[in-house]
Structure formats: structure tokens, C-alpha cells
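Colleague: My structure is below; once you've seen it, I'll send some questions.
The values are calculated or read from the model by the stated rules, or taken from the named source; none is laboratory data. Computed from a predicted structure; not experimentally measured. As a convention, Cβ positions derive from the backbone with ideal geometry for all residues, glycine included, and neighbour counts pool all protein chains shown. For the accessible areas, the whole protein counts, side chains as well, though only heavy atoms, and no ligand, DNA or RNA atoms are used. Shrake-Rupley method; radii C 1.70, N 1.55, O 1.52, S 1.80 Å.
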Amino acid sequence: MSTAGFNSQNGTGTGQAYANGPSQNPVGLQQLPGVSYGMTHQPTYNPMQAKAPAPPGPGLYPTAAYQSGPPVSSYQSGPAHTSYPPPPGQPLLTRPAMGTPPSHTPPQSASPNHGPRMPLPRATPPPPAVSSSSYYSNPQQQPIAPSWQYNTAPAPMGPPPSLSAPPCGPLANHTNPSSSSTVPPPPTLTAYSSPQPAYGSHSATQPPGPRMPSTSHLGYTQPGAAPPPLNPMLSHTYQPSRPAYGPPPTGPPPLGPPPAGPSPAMTSTPPSTAPPLANVTPPPPKADGTLAGNGPQSPNNFNSIDNKMAGLPQPGLPGRHLGHYPSLPPGYQNAAAPHKPTSPMHPTMQAATQPYSQTTQPYQQPHGGPGPAQLSPSLAALSLQSSSPEALRVVNLLQERNLLPPGPIPAPTPCLPQDLQKINCNPEVFRCTLTSIPQTQSLLNKAKMPLGLLLHPFKDLSLPVVTSSTIVRCRSCRTYINPFVSFLDQRRWKCNLCYRVNDVPEEFMYNPVSRSYGEPHKRPEVQNATIEFIAPSEYMLRPPQPAVYLFLLDVSHNAVETGYLTVFCQSLLDNINALPGDSRTKVGFITFDSTIHFYNLQEGLSQPQMLIVSDIEDIFLPTPDSLLVNLNECKELVQDLLRSLPSLFEKTMETQSALGSALQAAFKLLSPTGGRMSVFQTQLPNLGVGALQSREDPNQRASAKDIQHLSPATDFYKKLALDCSGQQVAVDLFLLSSQYCDLASLGCISRYSAGSVYYYPSYHHQHNPAQVERFQKELKRYLTRKIGFEAVMRIRCTKGLSIHTFHGNFFVRSTDLLSLPNVNPDAGFAVQMSIEENLDDMQVVSFQAALLYTSSKGERRIRVHTLCLPVVNSLSDVFAGADVQAMAGLLACMAVDRSVTASLSDARDALTNAAIDSLSSYRQSVLTIQQPGLLAPACLRFFPLYVLALLKQKAYRTGTSTRLDERVFAMCQLKYQPLAYAMLMIHPALYRVDDLTDEGALNINERTIPQPRVLQLSVEKLSREGAFLMDTGMVLYLWIGRNCHPNFLTQVLGVPSYATVPENLYLLPELDTAESQRIRAFIGWLRDQRPFFPTLHVIRDESQLKASFMQNMIEDRTESALSYYEFLLHLQQQISK
């Protein structure tokens, strides 16, 4: 995919909107008559245009009061609401034709420039690679038809239609078109930038525990046994008993001399003059990956070392002979491949994953024989129907009463040969909504299902780590060598993304695991779909940045009242030695109310020194050199400050909050180095820059109409976030408040700087102990988890496929490059894709995500994930490969964007239409015998249930009282959380726990974990004689029936009767009974499966939280929403039109 001349743009003048991604042409705001904006010649999927309006009738989610009372399961026959008018069919917002790309990419300045920023000459707007992280809405945007063109590619470039005047107001998620033609080139701080798109070498944080053995040239660190796959709370350490491979000895090669002729690794070829091999046409060059920010860009922008990382031949190092190979160290002589993890996980999360396999003998490929990408012709004709009859089994959803299986729902397995499937990427890390890729865009349009990828790239894993002076990459598209490339012979391999033939470097001919020479296809890089490289020093342009942590603390009266400061200071004191880093780690502190307080912690002072800056309009750093200090050298001063901070402000009466000025000060402090800014805020900022006013109307919380104020009130926080991103600074926001804080505006500071948002509604150290416990646990995880600095992630795909939209927290640098100043193991991402060119001659396609980062130990590391999927040419095979959970996760992200850029009602209608369209396509094009009922293939039988669950999720529900900040936080979570965690937030899990037994239990670390059956989310599954646990991801509810057996009450809760169950019980007593041990083990196991800490609430019929518990009964009717059965009837009516 060509990205020539493609730079993401950010406005810098007053009134200009900032773009997380390239600008969108204003033509996109209206469909011009007679103009098609599709990338291909295939008609664009637009289900709304094909639908005739339904007769007048009640809305899909009527607001008229039904019978009051608890939700009722509605499977009984009888009159049901089946007449629901769809929204009026209107043309979708389509991607416009864009201007001709410039003939060259403007080079960056190569000299330091600390002067004022200069405007750039006018440039043509790039084609739209839509980033979906923005929450800007366009006040003049025309209504969008409530459905998605899932798979629409960016428009072909051409001269844009002339416009007499640009639209007013900021464009949603894009640069203001009126200013998009002026691109300010940021002056760089140092002289290592080039127009080449680039990666820098980065590195992963080594978790606490045994140190990883040092590695050297050709060193390959094989991990030990993998830990539980979905337990990020555990430390994942490399096996310390296995030394890394040392440098090659000076003796002869073990299997004879290398082949005659000059070694490719002995010749240094300039990248610009290396001719492509015969009959190979390299794709167009990548775009300049330079960040066009609102300030000077951090020097480590990875733009000048990509050629080195592309695996181009490098000169041999002094004093070593490349033809000689090392002997195997004793620790590796009989090393077996790491076994699959045996520790189970939460059923719902396990459903989203499969065991992570690190098999090291997936296939044996003879020299010159076909590689995995050159599969036998039988694969192309392989019908998924023959191998997956269950996936296409016809299910009448109206007759399937008990839909949920008792255990987890597994991820579908791609229909690949067994040897390839064994080494395919772990679905916990890399997952596609369709495990069988349609051959053409028209086939994808016909299926009417979204095509996209869901990633969890920095997940805590035990994975192979390779140290080598040669990182082998395709010379054309720069794909990293992986298990799905083809080896034409010993000396040549074919890229599985662009099909270029590349030479095998001499060093790659030696396999350190088998100590054999001449078998490059058995190297660890070609045996593992997930692998991590430690980049050698040649890849480094400057010393890696140190770990820098700056804490920004609200100390206003409201903040002191919540009591969070004491918890924060104590937690940091407890974990200060566990902060990821090395001897260079720096820390700093800023507190703020109506003024900004800095703390001089310079070595030699007897106590910390507070410096107060009251001029918040023109903020400055009083002593820039002593505010960020080396943690090891000044640890005692830091500890003294943490002990004194809570009492320092305990009598304050200052009620104002100058958050914006404090953020500006923190940005100035961190700009020279980059790092992590942790912001703790307890109220609406009301002073100085970035001041906000309350926009929430409490009377509208339960409105059935559109929800207002989901977009930011100001672009101040987004602009500042983009400045932070340019300087490799990420901002994490902790919001602890019982009042409205405008998270829609404040959240931008984290969204565009690759940070995280933590929200603790109604936090108070005395009145809400459950939230205090959650804050303590999550803060400990936050402080001690591994972290990557100055990261970028690039996602590549096989020629013919293209990426057009990203979801998550990041800044988009170019069409496929995400800027991540910090990357953490709890962050997920999603991308939408389209098929630009027919995949007629391909049997498989591949996707590769490369994450480059600097570890907290100062290592450059590159983590690479590669996923391989088959290509199919029949619609039934496309449906057979549908991954319904991945589809639900991607649709949830898309609905967030639609809610903000259009309206919440549009997003809800589009979700409903997604279910209607896919089932309608299945009925019309796949079913051979038409039958009555609502028919679906078995692989899609949960799709309507998940869509209804999304409609009732806090982010999208209407007619139910929902605080605006809580709604916005739910939207943030759906876009940020990896799929395994997001699915619990979409569709909670319900268990009966008053009769737990050891039958079928798991044994983990000498603990017995009961495994109760997952129940349907309906009140008919509840019993007054039982106790039921509901897991909603962020909250656990333990509901006690009025007639619950006294034995459970005494053995588990320690109370004699139902009436004596405490009202606000959030901790289960540790009783020495089998029943108590079972339920505490089960709850503890559920909590261990996720990186956040779900609070527990024990509720009775009289509890205030009973309403929240009942709102998660997705299959039941409520006053403002249909039951599952009624929803199925509605879908059936729409499909049968």
C-alpha cells in the first residue's frame, strides 16, 4: 500500500482542530450526487439504502412505561412488539477523493533548532487514514445513515472538488480542512531524522524477579515454561538458568565451510542503490513517519535507522569472522521446547483465547522445497464446510432457549494445515474478526460483516528473545522474517507480505538451538509467530531514554477530603523499590490547587524544598535541574516528601483547581527526556487555561433521546497531548470524584498520548471503602507493571489488503504507524481493514504487528507478532470463519466513534443493523432451503445476543439513569481494553455459588478453584433459595436470595440469618470452612485473571445496588429496552421485509 507523501497533520493556529491522523477532505461531509468514492469497482455495502422504511410504530427501544418492577424473562408466547421503524435511509458518510500526492516528501531539518516554530509551505492533504481516537463532532455535519460501511477503503487520490468555503467548526477526528493545507514542519532537537519511515529499536521492561541472562551476538534466550496465559498480575520472568549464546568461536564451522562466493553479510550495500532482484517489483516507499506536532519533536523518532533494521547487509564487526559459529552452551544442550501453559483462566476470557503454543518443530522444510506460503493447491480448494460443519450448522434462534454453553466459548481456529496452525499467533495477542479472508471486496460486502484486527501487543508473555547482529527483514516492505515466509533454497527467502525474494544473510544460516548450519528455516525467528529481538548497538542513534516518572497531584480542599493522597503516598512508599527502571531512573512531584507547587529534591538538601509558582498564566520552572532527580541518589528525600505530603495540605481551604497550568508545567519538565506523567484529579478544573464548566444536566441522565456532551468542550487537552506525544511523554489520568469532572474533555490528555484513564466515582476514604481497596490494588499494579518508552507500532498486511481506521489510545503518525510514548501490558488496539485488490492468486494472507520500544532497563527491543489466515472464495466459507466475539469487540469501538461524531441513536441503530445485515445476507445467499424462524449459522448464534448486550451496556444504553462521566468512561474502556476483558464488560458472566463443589475444579498452586456453570443473564435463572455471583468485569455482585440456606450464610458470610447480612458488605470474612474457602478461591481466581481490580458488593433485595445488578440481566425486558426474545422478533421482522 503506497503511503508516499502521507503525513498526518496537526493544526497550530487558533481555532484549528488537531488531528489524530490525516485530515479528511470537507467533501466527505456531504455526498455529491453522481460521485462514487469507493476504492474498488465493487459497490459499497450500504444496507440502509436498501431498506424501505417500516410502518409507523413504537421505536426500537420504546420509552413508554412498561409494567414496573423487576425485569421479566419474555420467552412466553403472546403478542410481542415486532413493528419497529428503522431510521430513515440516508447516504453514509463516505470517503472523498483526495488531492494528488506531492512529488516528494519534504525532508526534515537535520540540525537542532530551538527557535520559534515556522509555518510550512502549503501541502496537499493526504488521503484519509481515519483515526478513530478523536472525540470531536462537527456541528454542521449532515446526518449519517445509522449503519457502517465496515470495509470501505480510503478513496483514490485525485483532484478534490473545489469548495467555496470550508465548513465551520472542527471536523470529527480530523484536521480542520481550512488549515490542512499548511503543515508546520517541527524543528528537530537533533540531527537524526530522514524522510524514510522508521522504527527505532526499543525494549521490554524486565519484570521483577530473576534477572534475564545477558545476551550477545547470535544469542537466543529461550524462555522457560509459560505462566498462566491470562494472569498479567503475575511476574513473567525469563529462565535464569539458561545462559545466552556467546560470540562465535574462532574454530571452524561445525558442518564445513560456508558456500563459496562472497557472503551477503560481508558486503555493505547502500540502501538507495540496492537493485531489486529480477522480476520483483518493490512497492512504493513508505511515507515519512515524522510526527507533525505542535512543538519540537523528540529526537528519537526512528526515522533514520529503519534501513538498518530492515536487515540490509552490514559490515562484519572488527575482529570476528562471519563464517565461524558458536558452540552450544551447556544450558541449552538438552533444552526442550517450552510447554503450553496449563494454568486455566476465567471462562469468558478463556473463550477469547487459546493456549499459547511455543512449539519449535512446526514443519520440516527441505532446501528448495515449498515454504508455508507456497501451500499445495489443495488448500486453495479446501472447503471450510467440510472441515467445520459445526460452524455452519443452521440454528433457529427463536427456538434456542438455552444458548450459552456451560463453559467458555472458544475462538475459532483458522482452516490452515496443522503445521501452520501450530505456530500461528496466539489469539490472546492477535485476532481477526474473520478467520477466513474473502477473496474480493465484493465478497466481503456481500457477507456484510466487519473485517478488522484486535491486538494486545505488549501483553505479559513468556516469549523467545533473540540477540543477533542481523535482524532479517524484507528489503522492500521491511517485514520481519517469520514462520510464514517461503525459503526458495538455502540462500533465498520470499516475503509473505509483498512476495519479494530476499537473500539469507550468512549469520542467519546458523541455528543456535540445534547447532546446525545451513537450515535457516529452523531458526527461532522462523519457528515462532511471536518473538522479541534485542537490537544491537548499531541500531541506536542516542542512549536510550531513562525511566522518568512525574506525579502530578491535586491538593485542593476537595482532594484532601477524599483522602486519596494518603493512599497514594503510602502505596508509592511501599512500592518505590519496585518501580521499573535502572540506575538512571528519575522521579519528580508537582502538586497544585490555585497555584503550582514544585519540590526541590536535589541531593544534599536536608529536607524537600517546596517552590510555589502563583503566576499560572505564564508558567515557568523555578529550578529546572533539581525537580526531576535520580531515584537511587535521592531516595531518602523522596521518601521524606511522601511521608509529609498528606499532612502538608490537610487544613487547606483552597477550592480551585488549575489543572491546565499544572499540565503545562509538567510538560516543560518532562520534554527534555520524555517519560510518564501520572495525573491525580478530583474535581472539574476551574482556573486558568483548560478551565471547564459543568455540562451535565442530571435531569437528562435517563433520557431516551440523544445524549449530549460526549465530545470535548475544548481542544486544549488534545493539543497538549499531541505536544506530549511529540516529546515522548504519555499522560495517565486518575479521576477520583463524586462530582461531574467532564471526562470527555479531560480524557483527551491520555487518549492522544497513549496513556490510560482510571476512574473512581464517589471515591471517599471513609464512605466508600470498596473503591479505596480498588484504588490501592490498581495503583500497585500501575506502579510495578512493566513499561516501554518511546515506542512505535506498525501494522503490515499482505499486498491487496489495507488498513483504514485505528482504535485505541495513541497518535497516528502515518497510515500504518502509531506513536506510543509509553506502552503498557494492559493496552489493547483495534484496526479496521478493507480489500483493495483481489486476492485471487493467494491461498493465505498474513498480518504483522511490530512494536519497537525502549525498556525501563535501557534496552532497545522489537516485539513482532505475525498472524496467518486462509483466503476463501465462497460466502459460506466466509461465514464459517466468523469470530463473533472479535466482531462484537470491533463493533463496540466503531459505535464509540459513531456516538461522538454523529449521535448515540445513530450508533445504536447501526449496531442493530449490523445484526440484521449479516443474518439477512446469510439467509439470502448461503441458506439453500428457506425455513421459517430467525436462522443463523452456529458460528453467529451469539451475535444478536452480543449486539443486544452492547445496546444495554452503560456506554450505549438509553432510558436508564447514567452519569455522563460513567458513560464516557465505559466508552473509553471499550476502546482501550483488550478483547478478553472487554467481553466481560459487554456480556457479564453469572454463576450460582451457594452449591459449589470440587467436581471439575481446577488445581492451581495447590489451590482448588471451583468451576460453576455459566448461566444465562435472566431473572428466571435466579432462585430465592440460592446465592449468585455476577462478574461484569469491573464489578462483582454477590446476590443473596431471601430464602438462602442458613448454612451458606453462616459458613460463608458469618451471619446467622438473611436479615443480619450487612448493608454495605464488600469483603468476605476469612472463615475456616470449606464453603468459605471455595468461594474466596473462586473470586480470587477471577480477580487474578485481569490487570484491574473488580470490587465486590454483597447485595440483598433491599440493597441500593440491586438495580445495577438487575440492569445486567441482558435477556430480560426493562422499562426502556426489549427482552432478548423480543429483540430476536424485531430482527426477524426486519430480515423478512
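Colleague: Once the piece of chain linking GLN924 and SER537 is laid out straight, how much longer is it, given 0.36 nm per residue of separation minus the C-alpha distance between them?
Modeller: That works out to 133.4 nm of additional length.
Colleague: Amide H neighbours of ILE1009 under 5 Å, at least 5 residues apart or on other chains, H built in the peptide plane: list them.
Modeller: Those qualifying (amide H under 5 Å, at least 5 residues apart or on another chain) are LEU1002, ASN1003, ILE1004.
Colleague: Taking the Cα atoms of the stretch 985-1137, report the difference between the largest and smallest coordinate on each principal axis, in whole Å and largest first.
Modeller: 61, 36, 28
Colleague: Next question. Local charge sum around GLN766 (other residues, Cβ-Cβ under 14 Å, Lys/Arg +1, Asp/Glu -1)? Write down the numbers at each step before the final one.
Modeller: Working: positive: none; negative: GLU561, GLU773.
Taking every Cβ under 14 Å from that of GLN766, the sum is -2.
Colleague: Can you work out the Karplus-derived ³J(HN,Hα) for every residue in the stretch 741-747? Use 6.51 cos²θ - 1.76 cosθ + 1.60 with θ = phi - 60°, whole Hz, and x for glycine or proline.
Modeller: For the stretch 741-747, the Karplus-derived couplings read 10, 6, 4, 4, 8, 5, x Hz, x marking Gly and Pro.
Colleague: Using DSSP to define loop residues, name the chymotrypsin sites (Phe, Trp or Tyr not before Pro) in the stretch 828-893 whose beta-carbon has at most 15 other beta-carbon atoms within 10 Å.
Modeller: Passing both the DSSP loop test and the Cβ count: no residue.
Colleague: Here is a further query. Just by accessible area at a 1.4 angstrom probe, what is the order of ILE423, ILE929 from largest to smallest?
Modeller: ILE929, ILE423
Colleague: Right, next: Past the 29 Å Cα-Cα mark, which pairs from LYS651/LYS975; LYS586/LYS718; LYS635/LYS668; LYS448/LYS1106?
Modeller: LYS651/LYS975; LYS448/LYS1106
Colleague: Let me ask something else about it. LEU820's amide H: which non-local residues (gap 5+, or another chain) put their own amide H closer than 5 Å, with H modeled 1.01 Å from N in plane and none for Pro or chain starts?
Modeller: For LEU820, the qualifying residues are ALA791, VAL792, MET793.
Colleague: Something else about it: Identify, among ILE616, LEU631, ALA658, the residue whose Cα sits farthest towards the positive end of the charge dipole of the stretch 570-676, taking +1 on the Cβ of Lys and Arg and -1 on the Cβ of Asp and Glu, with the dipole about the Cα centre.
Modeller: LEU631
Colleague: Please list, in order, the residues from the stretch 625-653 whose amide nitrogen is less than 18 Å from a point placed 7 Å along the Cα→Cβ vector of GLN607.
Modeller: From the stretch 625-653, the list is 635-652.
Colleague: So, one more: Could you sort LEU951, LEU1129 by their accessible area in this structure, using a 1.4 Å probe and putting the largest first? Numbers along the way, then the final one.
Modeller: Values: LEU951 5, LEU1129 25 Å².
Most to least solvent-accessible, the answer reads LEU1129, LEU951.
Colleague: Let me ask another. Could you give the length gained by full extension between LEU648 and GLN766, i.e. 0.36 nm per residue of separation minus their alpha carbon distance, to one decimal place?
Modeller: Using 0.36 nm per residue and subtracting the Cα-Cα distance, I get 40.5 nm.
Colleague: For PHE589, which sequence-distant residues (separation of 5 or more, or a different chain) have an amide H within less than 5 Å of its own amide H, given hydrogens modelled in the peptide plane?
Modeller: Sorted by chain and number, the residues that satisfy this are PHE551, TYR599.
Colleague: What length, rounded to one decimal in nm, is gained on full extension from THR1060 through to GLN1104, with 0.36 nm per residue of separation minus their alpha-carbon distance?
Modeller: Separation in residues times 0.36 nm, less the Cα-Cα distance, equals 14.2 nm.
Colleague: Within 10 Å, count the other beta carbons around each residue, average over each peptide in 792-802, 623-633, 691-701, and list them highest first.
Modeller: 792-802, 623-633, 691-701
Colleague: Can you find, among LEU720, ASN838, VAL812, the residue farthest towards the positive end of the dipole of the stretch 720-847? Put +1 on the C-beta of Lys and Arg, -1 on that of Asp and Glu.
Modeller: LEU720
Colleague: Quick one: if you stick a label point 7 Å off each Cα along the C-beta vector at ASN630 and SER442, how many nm between them?
Modeller: 6.8 nm
Colleague: Just to make sure I understand: if all protein chains stay in place, what is the order of CYS498, CYS569 by accessible area at 1.4 Å, largest first?
Modeller: Heavy-atom accessible area, descending, gives CYS498, CYS569.
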